[in-house]
Structure formats: structure tokens, C-alpha cells
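Reading through the C-alpha cells given below for one structure.
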Protein chains: 2
Amino acid sequence: MTTRRRGAALEEAILQAAVEELTEVGYRELTMDGVAARAGTAKNVIYRRWPSRAALCIAAYRHMLPSGPDSTPDTGSLRGDALALLTRANDRMSSPVGRILRQLLADIQSDPERMRELRDQVARAGVSHWLTVLARAASRGEVGQQALTPRVATVAVDLLRNEYALNGATAVSPEVLTEIVDQVFVPLATQAPAPSDASSRD
Amino acid sequence: MTTRRRGAALEEAILQAAVEELTEVGYRELTMDGVAARAGTAKNVIYRRWPSRAALCIAAYRHMLPSGPDSTPDTGSLRGDALALLTRANDRMSSPVGRILRQLLADIQSDPERMRELRDQVARAGVSHWLTVLARAASRGEVGQQALTPRVATVAVDLLRNEYALNGATAVSPEVLTEIVDQVFVPLATQAPAPSDASSRD
DNA sequence: CTCTTAAGCTACTAGCAGTATCTTAAGAGA
DNA sequence: TCTCTTAAGATACTGCTAGTAGCTTAAGAG
């Protein structure tokens, strides 16, 4: 090969190769030699830019995320909005991107620094949509103030994430999604303000 | 070494060595050579009994679980029982046993067979306690029938598990536990039967 | 045209899962 | 007590991968 890429062009080629390897074989099976070969370069060139396999793959993961901000669904009912948001989340989690993210998260547990950045990226993606949906429902009088907490707002996605942690890579069924929405999210959001709370402080 | 163990005694020694290695360095860092050395035997002896590192570690994990069935807390209030159960779950999840289980689960994702057995073991451990606590609260008139679903029963532990998936190994704070109980579990369990449900079917 | 930088190449270390082979102790049966 | 089968133990090996080192040479700036 007589031509030689440098700088940004080379970096882009490596990231692209890493994205393709991630998509095809996943994080666990990705090898640095594989990425180097696919990018038409050598391993040490990769190590000049990223300190480890994990770091490269995190960068590649970022690189493969959809860029444009997506819209908040507006079906007219809280239940419909919630189902739409949860279905969208499920689609992402069951896609290659979701699989890669879970493998990355699992492999990074011992590195709090990287954990934080990845988790923030995960979290930031969704919360605002749920708060928007809840706020709209509140303005319709569908939900009370007590539901407007981060915990309640993210409860559906949190439960969905738990399904994946327990079930492995297989996609979660629509039935489970409606179960989460109908048995947990909607009841929580639309509950009466204070039925019999503060029952005891021991 | 002139004495040579055989059969069950040897198997027990290997499992014990694996348990110690798991406790000290965790699943990720456990090596077959390490287990063999600690057990005073050789790698191939281990492979005559378990087909892989993962299989050995699952057996060792089972071997290190507490055997006796634990009691269901009875504080007199649903909130108190829930906090007690969730605190106990948190203690387990933040212990070496919990760390090992999470590493195992993460490493087994691609093996549905092993996934199922491990997950069932995880699930079986807790659900009945929550159902008991809910049933007692129902008999006191504290909760309605709609709360007696597996989904609602396990919602607190599911959310706690999600915290560990996102936060890594660091223990979840008591504040988060009370947040889960007060903002999610208790409201769900004590809600009025059907406030304004079935809002629309589109 | 020259000189610095970094890309590309090749070879290396170190660690680990899993396999193979051979020797020899354990223990069962005669 | 002797013998014979089984499996424990020791050792060495394959194959794979992360990460490192050093050398050669193209790119591109001045």
C-alpha cells in the first residue's frame, strides 16, 4: 500500500472499523487485531489513540449512536405516550446497539470513571422524554404532582432494563411492556395524591 | 505429596478452593490454575468434572449460598416489611456473593441454558417473601387485590437490581431504598382499585 | 529539499482456557 | 496379600488475545 492515511481520516477509519466489528460480532468477541485488519492498519496505531480495548469500544459506541434528537410521542393519553416511549426503548435495547451497550457496561463495572460517563449517556437519553410526557399529562389533569419525580419518571425504563439483565439478549415481549405500563407506570402516575401515606415512622 | 484424595472429597476440596478464589478476587479474575493450585491439584482434574470455567464457578456459587430458609419480616406495617426485605436484598447484592452473581450473569448472557438456571435461583429466592408480606397487608386491609401480581410484588427488588446494573459494585444507599419503597412500592400496593384506568384503547 | 512526525510492519511478552500424555497412588476384587 | 482398573497428579503443549517495542518509510510542513 503506497498511500498512507493520517490524523482525523485515519481515526475515522479505525472508529468505523470498530463500529462494524461491534455490530457483527459484539463487544465480547471483538479483537484489536480484527479492528486493525479491517481498518487496514496495525494494532499499535490504535493504541497510540486509545489506551485500551474498552476505551476504543466506548468511543466506537458513541460514534454509532444516532445523532439527531428524537421527538417526544404525543398520543393524547399518558398510557399511549408511555407505551410509545417504552416500545422505542425496547427497540433500542434489543438492537445491536443495545447488546453492545450491555456488554460494555458489564465489562466496565470495575472502572468507576468509565462507568459514570457511559451511564450518564444512557440516562440522559431518556429521562427528559418521560418528564415531558408526565408534564403534559399533568396539564391535562391526568396526574398529580407527586408523580413528577425522577424515580417515577424512569420506573418503566428501569424495569425494562432489569428484564434484559435477567433474560439475556432476547427481546422483551410487547406483553411485558404493557404489563409494566398498566401495572406500574400508569397506576403510579395517576394515583390519588396521599391515600394513606406516612403510615408509621416506627 | 504422598496422599491422594479421590471422588467426593476431592470434589469438595475443589469447590471450596473455587469459593475462596471467587470471594477473594471475584469471577472475572478467577483462573483455573489458581483454583487448581489452591486445591492442591491440577487443572485437568477440574476439567474431568466441569466442562468449563463458567460451569465450575456456577457450581461454586451454589456451594457458597446460605442454606437455611430465612424468615419473612413482620414489622406490622407494609412499609416496614418492605424496607426490611429490600434492605436484606441490598445487603446480599452488595456482598461478595452479589458481586459474583452479577459477574456470572453478565458472562453467561450468550448461554440461555445456564442463564435460566441461574436466574431461576435468583428469582425463587425472593418472590415468596414479597407475596407473603403483601398478603398479610391485604388481610389487614392495607392493600387491594390489584397489587397481588408478580410484577408489583417484585418491583422493588427489580429496581434495586437496576441500580446495581447502572452503578457498578458500590452499595446502594439507604436513601435510595426508602425512595423506592415510598415512591414506588407502597403507592403501588396501597392504591385505590381503579381510579381512572382504561383511559383509552386507541 | 529537508526534517520531523507518525503510519505501517513485524515480532515479541505475558497470561489464560482448554487438551494431551504419562506416571503412579487408591482401592476394589480375588 | 496380590493384582488390576481407575483416576489423581504432574507437566507440557496449543491457540488465542491484550498490550508493547523497535525499525522502516511515507506525509506533509517549512
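The values are calculated or read from the model by the stated rules, or taken from the named source; none is laboratory data. Just so it is clear, the model here is predicted, and its values are computed rather than measured. All Cβ positions, even for glycine, are placed from backbone atoms using ideal geometry, and neighbour counts span all protein chains on display. Side chains are part of the model used for accessible areas, which takes the heavy atoms of the whole protein and leaves out ligands, DNA and RNA. Shrake-Rupley method; radii C 1.70, N 1.55, O 1.52, S 1.80 Å.
For the residues of B:151-158, the average number of beta carbons from a partner chain within 10 Å of their own beta carbon is 4.
The value obtained for region B:51-104, namely the Cα convex hull volume divided by the number of residues, is 78 Å³ per residue. Computed from the C-beta positions of A:Arg5 and A:Arg88, the FRET efficiency with R₀ = 35 Å rounds to 0.40.
Across chain A, the mean sequence separation of Cα contacts (distance under 8 Å, 6 or more residues apart), normalised by length, yields a relative contact order of 20 percent. For chain A, the solvent-accessible area with a 1.4 angstrom probe is 49 square angstrom per residue. Rounded to the nearest Hz, the phi-derived 3J(HN,Hα) couplings of region A:5-11 under the Karplus curve 6.51 cos²θ - 1.76 cosθ + 1.60 (θ = phi - 60°) are 7, 9, x, 4, 4, 5, 4, where x marks glycine and proline. Converting phi to 3J(HN,Hα) with the Karplus coefficients 6.51, -1.76 and 1.60 and the offset θ = phi - 60°, region A:61-70 yields 4, 4, 5, 9, 6, x, 8, x, x, 8 Hz in sequence order, with x at every glycine or proline. Counting only Cα atoms, the size of region A:27-150 along its three principal axes is 60, 27, 21 Å, in decreasing order. Normalised by the number of residues in region A:78-190, the average gap of Cα pairs under 8 Å and 6 or more apart makes the relative contact order 39 percent. Per-atom-type breakdown for chain A gives carbon and sulfur 53% of the accessible area (1.4 Å probe, protein chains only).
Buried between B and A is an accessible area of approximately 3400 Å², summed over both sides with a 1.4 Å probe.
Mean per-residue shielding of peptide B:170-180 is 1, counting Cβ atoms of other chains within 10 Å of each Cβ. Residues in region B:1-25 near a label at B:Ala55, defined as backbone nitrogen under 19 Å from the 7 Å Cα→Cβ point? Backbone N within reach: B:7-19. Using only alpha carbons, the protein assembly as shown has a radius of gyration to Kirkwood radius ratio (Rg to Rh) of 1.02. Between B:Glu113 and A:Asp74, take the C-beta separation as r, use R0 = 41 Å, and let me know the FRET efficiency to the nearest 0.05. Using R0 = 41 Å, I get an efficiency of 0.40. Taking all protein chains as shown and a probe of 1.4 angstrom, B:Thr149 keeps an accessible surface of around 30 Å². In region B:78-190, the convex hull through the Cα atoms has an average projected area of 6.9 nm², a quarter of its surface area.
For region B:7-64, pairs of C-alpha atoms spaced more than 19 angstrom apart make up 11 percent of the total. Computed with a 1.4 Å probe over protein heavy atoms only, the accessible area of A:Met64 comes to about 40 Å². For region A:167-173, putting each phi into the Karplus relation 6.51 cos²θ - 1.76 cosθ + 1.60 with θ = phi - 60° gives couplings of 9, x, 7, 4, 4, 7, 6 Hz, in residue order, rounded to whole numbers and with x for Gly and Pro.
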